[in-house]
Amino acid sequence: MPRRHWANLTSASALAIMLSCAPVLAESPLATDPATGVPLPETPQLKPLGVEKPAPTSQAATAADPARDIVTGTVASGAKLRGAAEVDATAPVEAGQEPVALDIPPVDLPPLDPALVPASKSSESAPVPAETAPVQAAPAQPAPDTVVPASVTTPPAEAAPAAPGPLQAIESLVPPPEMPKVVITVPPGLEFAADIAAQAGEALAVRRLGERERAEILAAYQANENRPFWIDAKGWTAAGKHIVSQLERAADDGLRPGDYSLPVFELSDKAKLAAADIRLSALAVLYARDARGGRLDPRRLSKLITPTLYLPSATEVLSELAGAPDAGKVLAAYNPPHEQYRRLKAKLAELREHLDDTPLARIPAGPALKLGMRDERVPLVRARLGLGPSDDSVFDRSTSLALADFQKKAGLPANGILSERTVAALGKPATARGEEDIIAQMERWRWLPPDLGAKHIMVNVPEMRVRVIRDGQVIHEARAIIGKPDSATPIFSHKMDHVIVNPSWYVPPSILKKEFLPGLAADPDYAAKRGYIVTRTKGGGISVRQPPGERNALGWIKFMFPNEHAVYLHDTPSRRLFAADKRAFSHGCVRVENPFALADQVLGPDWTSERLKKLIGKGERRINLPQPLPIHLVYNTIVVGADGQITRFDDVYGFHRLVRQALEQQG
């Protein structure tokens, strides 16, 4: 038989065998990898395009239809039909026949995943790479009787693999990808939240701290999730240490360290740590308010002391301290920044370095001694005042005068009577009294605004002097006349905004009641004789006005800063009074020597004194200042010069004594 005919017959036989095995393979269970138990990919079926599934053929059918393709092979006589699994493709070809190679394309399978290889499998039994490993078909089911060509054989069947067991954990040979680290940050101090909430009420019980400030401190902690501001697990933080250090130096600024005593705590006691944090916040707020003048209420001392205090809120203090690099410096900055205050502070430190420790004779308590009385304490009083010894126990005139001088220096009523307060003052060294005086004067500086103004007017009432200050330098000063003790000049700060030339003077109600009404009752022409104009008001009362003129009580010019006390600076027709050393003559206003020179400094170059004087006698004229000018009426009885020397002025209204006594009583 020709070679080409043999090839055609062999190819046709192989194709028939494949098509006959397809249904059997389709019904076979899904093949699995015996090593891992992982299902293997399904082998695709072979289906020629455009050819229906061949039905079993016979020689009769073939003979009846010769046009059909003939699948034949050489079958030995009496040969038994075999299944596809029994065909041995490697069997020798019969004599006279040449072996024919079948051109069957390989089936593409996915590569074996190395991660699916058991870690315990030895290197000898490692799987063969996918491109070289033989493909094993699943065990075939018994095929239907089909004519199998004898010349086509299949490889011998391998031993059936053992039934795969349950899938077991396999150690991956490929390292897993590195997972990102999840970091959970716990807010610092959160472990104190419960203790802070529990300790807040008791820790805020600080003397002189108002309810409003306590509520603001609580709100600050709540806004901070009840975390501490100044402590951690190791104790005070850096900010807390700075605050503690400043509180311990409170005495340097004339404050009492005992007002800011800190609690003692153990690091192991979280409750006490939390309480210490809250207490430090409360004390820092109290210190800041005291440094700004909150220790005393000036209006309770006198209705004529009405400064505007710039007290910080607790919210402001805590927010500034918590965000500061050095919380101690921020806390110290609440003290007055003025040069005179710094000089007083330096003088206080100097006095404390030279405290007089000389023991003093103790004067026993007893009834008040007046001139002419006898008492066994008189020799002790004379010795304390530096008078000569005397065996006589009479409280004579020399003793009374010396005692009055001591009382004046001590800020006590200089009446020459040995009272209980005078006995207490005699028991203190002179340096201690000087220390109290300086502290009282420092306290009054706290009542002033932190910023006095680059240019401002300062009226020191006890000194009876007016100064214009620009950038810390005095550019003008003049003597002044202040109110009498029974009509004292008030103490406050304001802003001057206009000047009036040729002013009219409206008699204030206090003077009208004390002077004019009794005069008018005695003489109906009392006002007219003095150049005053009396008019009836709608309410049935009267108004008394002095028109502009040479005799006007305000002179030719007045400097206005409208205020609750209705006082101002002005000229005066009684200029001779400026020659006196004691110039407390007015009804409360401040009379200024040479007021037109002051106007030059206040109004600027557009309104010189020569131009203003040309307006005299031409009717009332208002001139506004280019910009409001701060003016401060102060009560400085102790002034420290640049050389460190102290100058004292009379406590004309007793305001200094009131402040010192209030501080002593508070302590």
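The values are calculated or read from the model by the stated rules, or taken from the named source; none is laboratory data. Bear in mind that the values here come from a model prediction, so they are computed numbers and not experimental data. Note: ideal-geometry Cβ built from the backbone for every residue, glycine included; neighbour counts use all protein chains shown.
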Leading residue by the ranking (modelled with the highest pLDDT) among those in the range 219-235 that are charged (D, E, K, R) and more than 14 Å from the chain's Cα centre (by Cα): D232
Determine, yes or no, whether K347 is within 27 Å of V634 (Cα to Cα), touching a residue at least 12 places away in the same chain (Cβ under 8 Å), outside any loop (DSSP other than H, G, I, E, B) and charged (D, E, K, R). yes
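Among the residues of the range 530-544, write down those that are at pLDDT 85 or above and out of contact with any Pro (no Cβ under 7 Å at 6 or more places or on another chain). Even if it seems obvious, please write down each step before you answer.
Residues of the range 530-544 that are at pLDDT 85 or above, as a first pass: 532-535, 543-544.
Matches in the range 530-544: Y532, V534, T535, S543, V544.
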Return the residues of the range 612-625 that are surrounded by 12 or more Cβ atoms within 10 Å (Cβ to Cβ) and either more than 21 Å from S504 (Cβ to Cβ) or of a type in the set (K, R) (or both); say none if nothing qualifies. K613, R621
Scan the range 437-444 and tell me whether some residue there is buried (at least 19 other Cβ atoms within 10 Å of the Cβ), in the same structural domain as T637 (by TED's automatic domain parsing) and touching a helix residue (DSSP H, G or I) at 6+ places or on another chain (Cβ under 9 Å). no
Would you please name the residue that is surrounded by the most Cβ atoms within 10 Å (Cβ to Cβ), looking only at residues in the range 478-494 that are over 29 Å from G549 (Cβ atoms) and of a type outside the set (S, T, N, Q)? I491
Which numbered condition P364 fails, given (1) over 27 Å from I638 (Cα atoms); (2) modelled with pLDDT under 95; (3) in the same structural domain as V206 (by TED's automatic domain parsing): (3)
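Among the residues of the range 508-525, is there at least one that is basic (K, R), closer than 29 Å to H338 by Cα and surrounded by fewer than 20 Cβ atoms within 10 Å (Cβ to Cβ)? Outline the logic, then answer.
Start the filter on the range 508-525 by keeping residues that are basic (K, R), which leaves 513-514.
Retained after the next criterion (residues that are closer than 29 Å to H338 by Cα): none.
There is no residue in the range 508-525 that is basic (K, R), closer than 29 Å to H338 by Cα and surrounded by fewer than 20 Cβ atoms within 10 Å (Cβ to Cβ).
For the range 260-327, please list each of the helices (runs of 4 or more DSSP H) lying entirely inside it that holds at least 3 residues being in contact (Cβ under 8 Å) with a residue 12 or more places away in the chain and within 17 Å of E202 (Cα to Cα).
On the way: elements: 270-291, 298-301, 314-322.
Passing ranges, in order: 270-291.
Matching residues to (1) among the hydrophobic types (A, V, I, L, M, F, W, C); (2) under 14 Å from M464 (Cβ atoms):
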| position | (1), (2) |
| --- | --- |
| N594 | no, no |
| A597 | yes, no |
| V602 | yes, no |
| H632 | no, no |
| N636 | no, yes |
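Determine whether the range 380-388 contains at least one residue that is in a helix (DSSP H, G or I) and surrounded by fewer than 16 Cβ atoms within 10 Å (Cβ to Cβ). Give the derivation first.
Taking the range 380-388 first, the residues in a helix (DSSP H, G or I) are 380-384.
Still in the list and also surrounded by fewer than 16 Cβ atoms within 10 Å (Cβ to Cβ): 383.
Within the range 380-388 (the criterion being in a helix (DSSP H, G or I) and surrounded by fewer than 16 Cβ atoms within 10 Å (Cβ to Cβ)), the answer is yes, since at least one residue qualifies.
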Which of the numbered conditions does A599 fail, given that it passes all the others? Conditions: (1) surrounded by fewer than 16 Cβ atoms within 10 Å (Cβ to Cβ); (2) among the small types (G, A, S); (3) in contact with a helix residue (DSSP H, G or I) (Cβ under 9 Å, 6 or more places away or on another chain); (4) more than 23 Å from F516 (Cα to Cα). (1)
Does A414 qualify as being surrounded by fewer than 17 Cβ atoms within 10 Å (Cβ to Cβ), among the aliphatic types (A, V, I, L, M) and part of a loop (DSSP other than H, G, I, E, B)? yes
With the requirement that a residue be crowded, with 22+ Cβ neighbours inside 10 Å and farther than 19 Å from R622 by Cα, what does the range 567-588 give you? S586
When the residues of the range 370-420 are narrowed to those that are among the small types (G, A, S) and in contact (Cβ under 8 Å) with a residue 40 or more places away in the chain, which ends up nearest to G654 (Cα to Cα)? G411
